[in-house]
Structure formats: C-alpha cells, structure tokens
C-alpha cells in the first residue's frame, strides 16, 4: 500500500520522552487510496454508524485531523501508555469522544512488537494490561476516549530498518453547546514494571506536554516549529 516516506519533511516529529513517532494530519498530502479511505471514515454516514456503535449521539468528524491522520514509527519507536487529550486545540467547544485507529501494515510480524496495549487502572494506579492487539493490516480499533481509556505501545519496536508501524487515526467529537468545555491534555502513565527513573521522566515530560498543549490552544500556533526542534534534538542523540 502506498504510504509517504518517513524522510519527507511533511511529517510532524513527535519525539520526546513519552513517544517516538511521526504524524501527518494534512489530508491533501495523503496517497489517493488512503485519502479515499479517510474521506469515507469521516463521512456523515460512517460517523452516524460510529454514534450507533458507541451509543454517543451527535458525533462529528474533524476534517483537520488535528493530532490524527497518518502515523508511523520505525525501529525503536514507541508510545507510552496514556489517555488522550479531551478538547480540540482549536475548537474549545469540541469534546473528543471516540478514536478509530486503522492499521496499514502488510507483512507485519508480531515479534517486532507494536501491539497496542489496553490497560486497567485500580485505586488511581496502573493495574494490569487487559488486552493486546498487534497492528495487522486492515485491522481497526474503535474505543471511547475518557479517563479509563489507557492505551499505547510502550516497548520500543524491533522491526528492521526500512519497516515502520503505520496507522490512520480518526477522532470524533461532540459539541458542548452550553459552555466552554474545559478539557485535559494527553496524560501519560508509567507501568508497574517501569523503573523509578523512567517513571520520573514520564511524569516530567507529560507536564511539559500539558504546558505546550495549553499554549497551543490559547495562541493557535501549529506544531511546525516544535516538530523541527524535536527532530533536530532527536538527531543529536
């Protein structure tokens, strides 16, 4: 399947302590087939189906694909367990409610890792990994986005050079009509088996991400500058 090369400057660099991946939200840059799939998954008919599936009425698609779109991670890539940001950065009345992740990995081998982990929390703490699903071609995961929706692929990928974990992410929202919705940023969590040092880095980094997200929502800037800085720093390591 056609997929933009990782070396393209069109990718946003999400490379910090809690994740190592690339993102491309610009629909106009998608290959023809993936673009058509994106349009279908954002169509009124499909969004109505997602509403019926989840029991959440009046869902709406995000044509800007903010935070979503195409994602890929190469060897060493990871995404720590987290709950997602709950408010659209540029539409403060939009409450994020549902994720759809479609995997685009022909020939993916499970020993390379990359399975999405779904975690349970007990008494405010990470308790156990309740389920794991490998990112196999044309498999999709649909789930609600709330404080219970802990997910990620926290162990670095071991796929060979030239391979990457590829996906298409769509987010669906409801509009909070009566008042401005006060949401939260992406919230990362350490697993019980993570070291003290790693747990501290996860906590410190998520505080930095929260500050950045709040500034982005307030001042309306894009991720372009942050992407360049993170990409530069990752090359220096």
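The values are calculated or read from the model by the stated rules, or taken from the named source; none is laboratory data. Keep in mind the model is a prediction, meaning the values are calculated, not measured. Note that each Cβ is placed from the backbone with ideal geometry, even for glycine, and that neighbours are counted across all protein chains shown.
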Inspect all residues belonging to segment 154-171 and state whether any of them is farther than 21 Å from residue 14 by Cβ and touching a residue at least 40 places away in the same chain (Cβ under 8 Å). yes
What's the number of the only condition in (1) farther than 30 Å from residue 198 by Cβ; (2) surrounded by 13 or more Cβ atoms within 10 Å (Cβ to Cβ); (3) modelled with pLDDT under 95 that residue 12 fails to meet? (1)
State the number of residues belonging to segment 150-171 that are touching a strand residue (DSSP E or B) at 6+ places or on another chain (Cβ under 8 Å) and surrounded by fewer than 16 Cβ atoms within 10 Å (Cβ to Cβ). 2
Here are some residues: 164, 195, 213. Which one is under 19 Å from residue 83 (Cα atoms) and at pLDDT 65 or above? 213
What residue, of 137, 141, is over 20 Å from residue 199 (Cα atoms), part of a loop (DSSP other than H, G, I, E, B) and touching a strand residue (DSSP E or B) at 6+ places or on another chain (Cβ under 9 Å)? 137
Residue under question is residue 65, and the condition is that it be under 28 Å from residue 176 (Cβ atoms), more than 16 Å from the chain's Cα centre (by Cα) and at pLDDT 95 or above; does it hold? no
Out of the residues in segment 101-123 that are touching a strand residue (DSSP E or B) at 6+ places or on another chain (Cβ under 6 Å) and part of a loop (DSSP other than H, G, I, E, B), which is farthest from residue 144 (Cα to Cα)? 105
Of the conditions (1) assigned to a loop (DSSP other than H, G, I, E, B); (2) surrounded by 17 or more Cβ atoms within 10 Å (Cβ to Cβ); (3) at pLDDT below 95, residue 126 fails just one. Which one is it? (1)
Among (1) buried (at least 20 other Cβ atoms within 10 Å of the Cβ); (2) at pLDDT 95 or above; (3) at negative phi, where does residue 114 come up short? (3)
